[in-house]
Amino acid sequence: MRTLFQDVRYALRVMRKRPGFTAAAVAALALGVGATTAVFSVVNSVLLRPLPYPDSERIVVIAETSAQNPSMFVSYPNFLDWRERARSFEALSTMRHQSFNLSGGDEPVRVDGRQVSAGFFAVYGVAPALGRPFLEEEDRRGAAPVAVLSHGLWERRFGGDASIVGRTIVLDNRPYTVVGVMPQGFRGAGASVDVLVPFGQFSHLPGWMGRDVRPGAQAVARLREGVTLDAARDELGAIAARLEAEHPQTNAGVGVRVESLYERTVGGVRGALYVLLGAVAFVLLIACANVANLLLAHAAARRKEFAVRAAMGASRWRVVRQLLTESVLLSLAGGAAGLLLTLWGVDLLAAAGAESIPRAAEIKVDVRVLLFTLGVSVLTGVVFGLAPALRSARAGWTEDLKEGGGKNAAGAPRRLSGALVVAETALALVLLVGAGLLVKSFARLLDVDPGFDASNVLTMSVPLPRTKYDGEAKVAGFYRQLVERVKGLPGVEAAAVGNELPLRGRGWPVDVEATDRPAPPPGQSVIADWAIVSPDYFRALGIGLLQGRALADTDTAEGQRAVVIDEDLARHFWPEGDAVGKQLRVVGPKPFEVVGVARRVRSYGLDEQARMRLYVPVAQTPTLMMNLAVRSSTSEPERLAKAVAAEVRAIDPDQPVYAVRTMEEALSESLAPRRLNATLLTVFAAVALALAAIGVYGVISYSVAQRTHEIGVRMALGAQGGDILRLVLRQGMLLALGGVAAGVLAALALTRVMTGLLFGVSATDPLTFAAVALVLTLVASLACLIPARRATKVDPMVALRYE
């Protein structure tokens with residue numbers, strides 16, 4: 001230990017004597033370690049840590065399937081049969097999105113809620129922080145209305161009053177008794193959920209007890225102890241087969257899909273996060289290569305010191321240990337600086353990924369991350385310090401004691417430095433290719449036609465409470481009056497309502513049949529998204545019509561049932577192009593007449609396949625859950641928000657609006673995951689490019705310094721400046737081109753793992769590879785040019801006396 005302390009003290013003195021060298025090494029390592037640790041923090045929090053529920057690996061999500069749809073919402077009668085017949089689960093629950101108007105006290109607000117079955121809390125293995133969960137008898141039609149509040153709503157609206165249990169709140173003009181408060185931080189129902197109500201109390205709603213009706217519900221369950229996921233799949237599959245035999249008209253072709261809650265939560269981002277982790281690992285390797293080159297140059301300058309040590313009895317292992325101590329101290333200093341970057345970077349990543357990374361709120365630096373940082377720091381210190389240390393412990397120290405000795409010994413370090421430059425250039429090219437592919441993919445996505453015009457459109461949700469608007473005439477009358485009032489506001493070009501808006505990703509799928517085509521077998525009907533809209537919907541959202549007309553005010557409940565279909569649905573049934581005037585059977589016995597064909601709209605994202613869609617007038621099929629779209633004559637539609645909200649309150653003082661945003665914001669949010677991936681990988685690639693350029697510059701500069709005597713001899717023998725320039729450039733470009741060639745081969749193999757992150761671009765896109773190779777070659781040539789020009793200015797007389 002005494003000699004170790006001596007090595008540490010001496011290493012600190014060496015670092016203090018060479019502040020420039022120390023600062024450069026620490027900065028390079030801080031970038032590499034900081035970026036790697038920041039991304040590992042995200043991977044650790046999102047992928048490696050279990051979900052924050054007891055025995056979370058036993059929680060599963062259940063969906064129904066069909067030949068047309070691999071993941072559908074759940075039929076409530078089928079769910080009831082699962083709960084009665086399945087033996088693989090401790091608890092089974094449904095969950096459905098439902099927002100409410102919360103009135104009383106301050107002005108009414110819209111709160112996000114869920115309808116859940118009585119076993120909901122048992123599925124997640126948690127208990128309410130206050131009160132109790134729902135009872136079985138409360139999860140039935142006709143039971144007294146009860147609710148469980150979120151911890152956040154309890155604190156915001158009710159001041160954290162512990163006496164809230166047993167009190168009454170008013171949701172959608174209906175009194176609910178509060179029976180509990182969710183635990184703080186509980187996200188089983190969703191991050192933004194404010195209130196839970198029993199699912200079964202809504203089973204009286206029209207159609208809910210039909211087996212072919214799926215009212216937007218999904219199922220969650222907790223496996224029994226010792227039951228595997230495959231066993232549960234087999235059991236539910238057998239139950240689904242029996243239900244198909246018992247109810248062939250409604251359950252034909254309906255299967256069951258069971259997957260872990262963990263996989264459902266993080267499966268979509270696993271590939272992207274591992275790609276980013278691999279990218280920052282490359283940045284760390286490039287930083288290590290740079291520091292290794294610095295240490296090689298540093299060790300070469302100290303060769304007489306090592307020769308003196310050897311002459312005084314130091315063993316080669318003693319010298320190696322001294323140099324490894326110095327490199328580990330450097331890496332620990334870089335790791336400490338990198339940890340500061342990590343703390344900042346984690347906050348930045350959590351904020352940037354709030355909408356696109358699941359569990360983003362759980363991202364933090366914990367003990368595992370700190371141990372990871374320590375391990376990476378020590379490992380990199382050993383890795384980048386080992387080669388210079390072993391090189392410095394070579395034989396032939398006696399030559400270094402002689403005046404002018406050791407010049408020829410510089411060849412081997414130069415070869416090792418060259419190999420490191422080739423490696424870091426290759427790694428940088430792989431990162432640049434990956435970033436280039438993502439950027440090109442993102443550009444292709446921006447060129448996708450969404451089917452609507454997002455500019456100057458303000459949207460908001462205006463759902464009505466069922467208890468107050470208990471008839472179709474009242475619902476249709478409210479929305480008709482709202483649209484007319486908003487149309488009259490200054491600066492409004494068009495206004496309309498619709499149950500769904502583009503990019504919201506929550507369609508209402510229905511079976512569609514053409515009356516002039518043979519009826520399909522049970523379970524094989526065409527599925528399309530059902531949109532309920534007011535006549536000006538197409539104008540407000542800039543959706544073009546290809547044939548026929550838009551919906552009109554004359555399309556009322558008393559007239560012919562009118563429908564506008566999109567071009568994909570029209571092409572499916574009538575490829576000849578004569579859809580207008582044909583009839584569709586959708587909901588109810590009376591068919592709809594096609595009056596127009598609209599452009600395809602991408603409702604689930606620009607990178608997802610557009611679903612076939614049909615539009616029916618709100619006057620004929622009014623619904624409570626509607627959104628308002630307002631097209632403004634100015635480029636700042638958000639300025640209309642207060643005026644529109646005032647018109648809503650003028651019609652109904654108890655009616656709030658929420659989810660106010662522009663369509664351009666919705667479009668930007670839909671692109672957030674791909675934008676984040678492209679941005680991060682581009683930043684890492686830019687850092688890698690800079691480090692690679694610095695590495696090339698450093699090696700060529702060191703080579704010029706080592707060959708000063710040789711350059712002087714060449715110039716004394718008649719070499720011109722251009723000859724020296726070509727000599728030095730040739731050396732640097734051979735290294736750079738070697739790295740480019742190796743990088744292209746590596747990129748061809750490694751970029752294939754990015755296939756799932758690309759859109760409209762091949763993982764081996766030749767233009768991207770060529771452009772990146774050219775850019776990297778140009779940057780490397782510029783990095784070589786500076787020391788090459790310096791070499792041409794060497795004074796031959798000074799160089800001939802150079803030691």
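The values are calculated or read from the model by the stated rules, or taken from the named source; none is laboratory data. Worth saying up front: this structure is predicted, and the values here are computed from it rather than measured. Virtual Cβ from ideal backbone geometry, glycine too; neighbours counted across all protein chains shown. Only protein heavy atoms, including side chains, enter the accessible area calculation; ligands, DNA and RNA are left aside. Shrake-Rupley method; radii C 1.70, N 1.55, O 1.52, S 1.80 Å.
Some points to look at:
- Mean-position separation - Cα centroids, the stretch 660-690 and the stretch 444-518, in angstrom: 29
- Per-residue SASA remark: residue 209, around 90 Å² accessible (1.4 Å probe; ligands, DNA and RNA not included).
- Each Cα pair under 8 Å and six or more residues apart adds its sequence gap; the mean of these over the residue count of the chain is a relative contact order of 16 percent.
- Working note: Karplus 6.51/-1.76/1.60 with θ = phi - 60° gives the stretch 76-88 the couplings 5, x, 5, 4, 4, 5, 4, 5, 7, 9, 6, 10, 7 Hz, where Gly and Pro are set to x.
- Amide H contacts under 5 Å for residue 91, placed H, 5+ residues apart: 222
- Every helix of 4 or more DSSP H residues in the chain counts as -39500 (n - 2.57), and over all residues that averages to -16000 deg cm²/dmol at 222 nm.
- Loop-resident trypsin sites (Lys or Arg not before Pro) (DSSP state other than H, G, I, E or B) in the stretch 475-547 with no more than 14 further Cβ atoms inside 10 Å of their Cβ: 506.
- Relative to one another, the C-alpha centroids of the stretch 57-89 and the stretch 710-780 are positioned 56 Å apart.
- Cα gyration tensor, the stretch 154-264 - rounded (a/c under 1.5), prolate or oblate: oblate
- Identified option (computed Rg and Dmax of the Cα atoms in Å; candidates [x] 34.3, 109; [y] 35.2, 126; [z] 33.1, 117): [x]
- Residue 790-residue 419 FRET efficiency (beta carbon distance; Förster radius 30 Å; 0.05 resolution): 0.80
- When the chain is described by a simple charge dipole with +1 on each Lys and Arg Cβ and -1 on each Asp and Glu Cβ, the residue from 731, 771, 488 located farthest towards its positive end is 731.
- Inter-part distance where the stretch 547-625 and the stretch 170-229 are each reduced to a Cα centre, Å: 32
- Local net charge near residue 719, Cβ-Cβ under 12 Å (Lys/Arg +1, Asp/Glu -1): 0
- Angle of helix 766-792 to the longest C-alpha principal axis of the chain, folded into 0 to 90 degrees and rounded to 10: 30°.
- Pairs of lysines in the chain whose Cα atoms sit within less than 28 Å of one another amount to 13, provided the residues are eight or more positions apart or on different chains.
- HN-Hα J in Hz across the stretch 645-660 - Karplus 6.51, -1.76, 1.60, θ = phi - 60°, x for Gly and Pro: 4, 5, 5, 4, 5, 5, 7, 9, x, 8, 9, x, 10, 8, 6, 7
- Check: the chain dipole with +1 on Lys, Arg Cβ and -1 on Asp, Glu Cβ, in debye: 4120
- Prolate/oblate/rounded label for the stretch 6-122 (Cα gyration tensor, a/c 1.5): prolate
- Residue-span extension gain [residue 638 to residue 354] - 0.36 nm each, minus C-alpha spacing: 100.0 nm
- Each of 786, 121, 283 was placed along the dipole of the chain (beta-carbon charges, centred on the mean Cα), and the one lying farthest toward the positive end is 786.
- In this view, the solvent-accessible surface of residue 170, computed with a 1.4 Å probe and all protein chains in place, comes to about 50 Å².
- Remark: the stretch 688-705, residue by residue, has Karplus-estimated 3J(HN,Hα) of 4, 4, 5, 5, 5, 4, 5, x, 4, 4, x, 5, 5, 5, 5, 4, 4, 5 Hz, where x stands for each Gly or Pro and the curve is 6.51 cos²θ - 1.76 cosθ + 1.60 at θ = phi - 60°.
- Scanning residues 5 or more positions from residue 71 or on other chains, those with amide H under 5 Å from its amide H are 66, with H placed 1.01 Å from N in the peptide plane.
- Around the Cα centre of the stretch 510-592, unit charges on the Cβ atoms of Lys, Arg, Asp and Glu (plus for the first two, minus for the last two) sum to a dipole of about 140 debye.
- Backbone amide hydrogens, once placed in the peptide plane, bring residue 662 within less than 5 Å of 459, excluding anything fewer than 5 places away on its chain.
- The shape of the stretch 566-697 comes out oblate: with a ≥ b ≥ c from the C-alpha gyration tensor, a/c is at least 1.5 while a/b does not beat b/c.
- Here the extension length gained between residue 341 and residue 746 equals 142.9 nm, from 0.36 nm per residue of separation less the Cα-Cα distance.
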